[in-house]
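See structure below.
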Amino acid sequence: MTTPLLEVRDLSVEFAERGGGFGRARKLLKAVDSVSFELAQGETLGIVGESGSGKSTLLRAILRLVPIARGNVIFEGQDITRLDERALRAPRRAMRIVFQDPLASLDPRMNLGEIVAEPIVSLLPELGRDATRARVEAALALVGLDAGADPGLLNRYPHEFSGGQCQRIAIARAMAVEPKLILCDEPVSSLDVSIQAQIVNLLADLQRARGVALLFVSHNLAVVRHISRRVMVMRAGRVVELAERDALYASPRHPYTRALLDAVPVPDPKIERERLRAKAAAG
């Protein structure tokens, strides 16, 4: 049996509630509550749920960016739950994250070449200057930004690029160290609809060409359906449903999943009106 690339076992993340008053114990808020799943090499798992359901916190816990209260994160057969910062360097090279707001995730003081080179210099210090530059240009070419055709490209700053271009840069930065897993935290929600499709298709192409696995967090069920093989639905920090994509969309088992799907608008106004009319009559 093939070992999963990633195993999450009964993972819980808790935060102390603000305030509480003098002498009163602060209540613990469960942001992630006993979440378990596996991810195969090269697979895409979509994670959906409303705001506050724990999706983004789950990704950060997997990367050990927030404290884990209970449970385990096992990556490539190694339990990384309690590794120190030095020991985490190798797993973090193999697991990269793409954040929601592309412009906010790029340092405005650094030019494009420096931004994409940063993880290479940090995680692969043995590479020389020429090898690092070659990796930067190759990573940018992967996302459709050709430094060879535009000699000044590497010297431009984030504010000189569009939102879609900035997200391509963020993806290039993630791909520059040749990861095995990319964690995508709402990577298209801040982009125009036409640009969203381009970025989703880019991620899907990279997944197929490079065999990289994706954890794709989104509240957009249409986007998740397009890119994912399996879908995990979260509510209040817990997993309420995990199933193959087509089975989940065709026959959701949990009432919350059905409610999420019912809330998705239909592009055709006539069909949408008929659907709303039927729902009102049934309710």
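Looking for something of a type in the set (S, T, N, Q), in a strand (DSSP E or B), within 30 Å of A222 (Cβ to Cβ) and under 15 Å from the mean Cα position of the chain (by Cα) - is there at least one such residue anywhere in the range 89-101?
Within the range 89-101, not a single residue is of a type in the set (S, T, N, Q), in a strand (DSSP E or B), within 30 Å of A222 (Cβ to Cβ) and under 15 Å from the mean Cα position of the chain (by Cα).
Name the residues in the range 115-154 that are in a loop (DSSP other than H, G, I, E, B) and either more than 18 Å from I195 (Cα to Cα) or of a type in the set (D, E) (or both), would you?
L124, P125, E126, L127, G128, D146, A147, G148, A149, D150, P151, G152, listed by residue number.
Could you say which residue among V177, V136, V143 is β-branched (V, I, T), in contact with a helix residue (DSSP H, G or I) (Cβ under 7 Å, 6 or more places away or on another chain) and either under 25 Å from L65 (Cα atoms) or not assigned by TED's automatic domain parsing to the domain that holds I97 (or both)?
V177
Out of all the residues in the range 1-16, which are surrounded by fewer than 16 Cβ atoms within 10 Å (Cβ to Cβ) and under 21 Å from the mean Cα position of the chain (by Cα)?
Result: D10, single match.
Kindly list, by first and then second residue, each pair from a residue in the range 124-136 that is surrounded by 10 or more Cβ atoms within 10 Å (Cβ to Cβ) to a residue that is part of a loop (DSSP other than H, G, I, E, B), limited to pairs with Cβ atoms under 7 Å and residues at least 6 apart or on different chains.
Pairs found: L124/V177; R135/A176; V136/A176.
Can we say D107 is free of Cβ contacts under 8 Å to residues at least 60 places away in the same chain and in the same structural domain as R230 (by TED's automatic domain parsing)?
Taking the combined requirement at face value, the residue satisfies it.
Taking the stated definitions as given, is G163 under 26 Å from D192 (Cα atoms) and at pLDDT below 90?
yes
Output the number of residues of the range 178-195 satisfying the condition of being more than 14 Å from the chain's Cα centre (by Cα) and buried (at least 19 other Cβ atoms within 10 Å of the Cβ).
Residues in the range 178-195 being more than 14 Å from the chain's Cα centre (by Cα) and buried (at least 19 other Cβ atoms within 10 Å of the Cβ): 1 in total.
The values are calculated or read from the model by the stated rules, or taken from the named source; none is laboratory data. From a predicted model like this one, the values you see are computed outputs, not experimental measurements. Every residue, glycine as well, gets a Cβ built from its backbone with ideal geometry; the counts of neighbours run over all protein chains shown.
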